[in-house]
Amino acid sequence: MIDTDSRKVPVQRLRWRCDPALFPFKTTEEIEPLEGILGQDRALTALKTGLEIESPGYNIFVSGLTGTGRTTTIKTTLEKFLKPGPAPDDILYVHNFKNHDSPTAILLPAGDGARLKKMMESLITNLTTFIPQVLASQDFKNSIKNVVEDFRNRQKELINRIKLKSQEEGFSLVQVQVGPFQRPVMLPNFQNQPTPLEKLEGMVEAGEFPKDRFEELKEKSFQLNNELENTQRATVDIEKELRKSIESLEVEAVRPLVEEQVKAIAEAFKVDPVTRYLSDLENDIIQNVSFFKEEEAPQTPQMPFPFMGGGGPEKSPLWRYEVNLLVDNSETKGPPVILETNPSFGNLFGVIERSIDRTGTMSTDFTRLKAGSIHRANGGYLIINAFDLLTEPGGWRGLKRVLKNRKIEFQLLEPLFIFAAFSLKPEAIDSNVKVIMVGDPYVYYLLLAQDDDFSMIFKIKSDFDPVMENNDEHLAGYASFVRRITKEEKLLPFDNTAVASIVEYGVRESRNQKKISSRLSDVADLIREAAYWAKTDSRAVVEGADVERAITEKQRRLTMVYDKVKERIKEGVIMIDTGGTGVGQVNGLAVYSLGNTSFGAPSRITAVTSLGRAGIINIEREAKLSGSTHDKGVLILTGYLRGRYAQDAPMTLSASLCFEQSYYGVDGDSASSTELYALISSITELPLRQDIAVTGSVNQKGDVQPIGGVNEKIEGFFDVCSDRELTGTQGVMIPNTNLDDLMLRPDIVDAVKAGKFHIWSVSTVDEGIEILTGVPAGTKGKDGAYPPGSVNALMIEKLRAIHKRLKDVDKTDEKDKKDNKDE
């Protein structure tokens, strides 16, 4: 008789209990709230190291699962470890008067940027007021009048000369319509009237005008009109000289004013970039006085000929004299900390805005430069979510460029190539930003493997552990965390039984009795929900029962699929036996994950063996419903069978393994020991207990190895048995190495304590097969043989019988073939 009781798990090991007496308070209002972060010493040390090393490449990748407090820790750590210091420089962009497409960057101490911008605005306002006053002064008008009279006299002299000559030759100056315009021409006088040559030519043909006189007039007309054109050109040249003279007078008139105004700014900012800019600015203003005119005064006088219409130069906008204060750090205290929650390309690296006029022409200028997070964080810290960054087009490549080149420049991500032609290339500025990228371990190792630059620009990894040690310090920290949440969100206080229940929840979430979860965001949700249920029941203090109800209600919200599966099992649609015995059949356990929840459920695993040489066929694999880890598990159990039973004779058989009623795929090796038990049962024809469900992977030496989801698996089979009524013999067999992972529901612990349900732990396949069959597994004696009647002895006996029978069949087949050939 096999003693299975010795392998039963003691009740006290089924669930770690937190004694409320560990918390010496009645409610959490008596304790101080948690300050800082709980249980992340390794991560904090790495983060501090990365923050304090200022060498290039020491950016930080904060790795860990969501909910472990990564972002909160970064903010808190920065506040704690950052040394007080001056705010970083302001960043300004101004017009480049020598290269209009490349705006100039200027960096000034914090606050000076706003001061320069204000002084420049005052400068333009003053010049807009004073320059028109200078140009409208009587002295300036007199100077212009003298110049204009001089040029007018020169023009009149030319005009009078051509007029006098035309009169002497008997010609008149008239305006002739040419399309929509009029032009001056010289026409001969006939009977004291200007007459076109075409009319005179007609009169010659009619004999009404002498031909030789016509030829003479024709020659003189050609000469006089040429002289008229020369006079027109000379007049235009005089007009140009007049304009230049007027511009020179304007420049000389406003130069002292401009120099005086610009000098006041130059004395306030004695730094090379500003000095160079102001020098170019002063020259540009002096050369473009017309920008500041209120109207075109004085006007160039109208000339005697209509084709000499006057007009001044076209006005230009004053935007070129503005200052674009891209980043204003006047209100910043110390190094900036920028958290970019939407790291799109434009949000990170800035934008060059464009405008389109009515004709569809696209334009831009330096005043349309908009700062990105990388500009605002320069001289400080930029926090970005890695996944968000990698999913934004161009984001990762752009960030690498900044960190590698240590330059911040406006980068373009053009959706359409045509837009690239209408842009600026602003001057780059030196980068002094430390980037803290937050992501999960998968993203970290993906970047490490796929991008050679990653390890050079992110030299510090701050790894946040999802679990921490289950010790008094961290238990007290949990209580302080409860206090912090209730204080910040004005929730009901928790008594010590409620805090104990919160701690037990944290231990279960860690999947190990010696650990406790550091994913405090989940714990915070439980605190909120427990407070809600306590308030619903009109209690002033949250108790342990409220926490348990919050857990139950959350599970109820998320486990509709699980309830449907249990219904199908109870109805017999999904065939699961919870009593009796069966050959080649055993209850396996699987965990189903639905994203925000997971549950365990039993699954029937069967094995069928026969004569043949096909070996062990994995039906799930053949149907392409098996994952690689499950395939590996089947190959391992095949290796175990060969190592244990095929040392003296080959193992020749055909066998198939199947997860019955499984249609959606199977992965993982946690059922490999279960499949092995089914296979042994099929070969030996020993029946297996159906009131026991089994989980555990196996290695080639026959050791049963730990698996994941042990609590969910046990609870899944317990619920199925409970729905059908507990018999007192049912239970689950788990690996011995999973004992520290047990955090079963209180109702299961109570059932085990009452003897209605059982948990067995095994270390080897031999121990497991004994529990399932009630037959000793048997150990080899000195003679190398197993005890008669033991499971191992039956296995060797059956395998040898199959091998012998197969050889007999082969001989018979060969004899039949030979007889058929002889015939």
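The values are calculated or read from the model by the stated rules, or taken from the named source; none is laboratory data. Not measured: the values here are computed from a predicted model. Every residue, glycine as well, gets a Cβ built from its backbone with ideal geometry; the counts of neighbours run over all protein chains shown. Keep in mind that these areas ignore ligands, DNA and RNA; they rest on the heavy atoms of the full protein, side chains included. Shrake-Rupley method; radii C 1.70, N 1.55, O 1.52, S 1.80 Å.
Extension gain, residue 100 to residue 808, is 245.2 nm, computed as 0.36 nm per intervening residue step minus the present C-alpha separation. Counting charges near residue 391 (Lys, Arg +1; Asp, Glu -1) among other residues having Cβ under 15 Å from its Cβ returns a value of -3.
Applying 1/(1 + (r/R0)^6) with R0 = 41 Å to the Cβ-Cβ distance of residue 22 and residue 593 gives a FRET efficiency near 0.80.
Listed peptides 651-662, 597-608, 228-239 appear in the order 597-608, 651-662, 228-239 once ranked by packing, highest mean of other Cβ atoms within 10 Å at the front. Between the listed residues 190, 204, 217, the Cα displaced farthest toward the positive end of the dipole of the stretch 183-231, a dipole computed from Cβ unit charges relative to the Cα centre, is found at 190.
Note on residue 318 and residue 247: their simple-model spin labels are 2.1 nm apart, each label 7 Å out from Cα toward Cβ.
For the stretch 773-823, trypsin sites (Lys or Arg not before Pro) are listed when DSSP marks them as loop and at most 16 other Cβ atoms sit within 10 Å of their Cβ; the list is 780, 782. Accessible area per residue (1.4 Å probe, heavy atoms of protein chains only) ranks 4, 359, 128 as 359, 128, 4, with the largest value leading. One chain, two ends: residue 216 and residue 568. Fully extended at 0.36 nm per residue, the span grows by 114.4 nm beyond their Cα-Cα distance. Taking square-rooted eigenvalues a ≥ b ≥ c of the alpha carbon gyration tensor, is the chain rounded, prolate or oblate, where a/c under 1.5 means rounded and, failing that, a/b exceeding b/c means prolate? Note, shape of the chain comes out prolate. If the chain between residue 136 and residue 203 were fully stretched, how many nm would it gain, using 0.36 nm times the residue separation less the Cα-Cα distance? Separation in residues times 0.36 nm, less the Cα-Cα distance, equals 18.2 nm. Hydrodynamic analysis of the stretch 554-609 uses the Kirkwood radius over alpha carbon pairs. Inserted into Stokes-Einstein at 37 °C and 0.692 mPa s, it gives a translational diffusion coefficient of 258 µm²/s. Taking the C-alpha atoms only, the angle from helix 520-536 to the longest principal axis of the chain is near 80 degrees. For residue 570, give me every one of the aspartates and glutamates with a C-alpha distance below 17 angstrom, ignoring sequence neighbours fewer than eight places off in its own chain. Filter leaves 660, 691, 715, 719, 723, 725. Nonpolar atom fraction for the chain, defined as the carbon and sulfur part of the 1.4 Å probe accessible area, stands at 49 percent. The charge dipole of the stretch 667-714, taken about its Cα centre with unit charges on the Cβ atoms of Lys, Arg (+1), Asp and Glu (-1) only, comes to about 120 debye. For residue 425 and residue 272, the FRET efficiency from 1/(1 + (r/R0)^6), where r spans their Cβ atoms and R0 equals 30 Å, is about 0.85. Within the stretch 321-363, the trypsin sites (Lys or Arg not before Pro) that combine a DSSP coil assignment with at most 13 other C-beta atoms in a 10 angstrom radius are 333, 358. The alpha-carbon of residue 817 sits under 28 angstrom from the alpha-carbons of these lysines, leaving out residues fewer than 8 places away in its chain: 804, 807. Would you please classify the overall shape of the stretch 322-442 from the alpha carbon gyration tensor, given that a ≥ b ≥ c denote the square roots of the eigenvalues, rounded means a/c under 1.5, and beyond that prolate means a/b larger than b/c while oblate covers the rest? Oblate. For the residue pairs 80/333; 333/490; 490/554, the C-alpha atoms sit more than 25 angstrom apart in 333/490. Rolling a 1.4 Å probe across the protein heavy atoms gives the chain an accessible surface of 51 Å² per residue. The lysines within cross-link reach of residue 156, meaning a Cα-to-Cα straight distance under 22 Å and a gap of 8 or more places when in the same chain, are 141, 145, 165, 240, 244. The modelled label-to-label distance for the pair residue 724/residue 779, using points 7 Å beyond Cα in the direction of Cβ, is 3.6 nm. In this simple spin-label approximation, residue 240 and residue 660 carry label points 7 Å from Cα along the Cα→Cβ vector, and these lie 10.5 nm apart.
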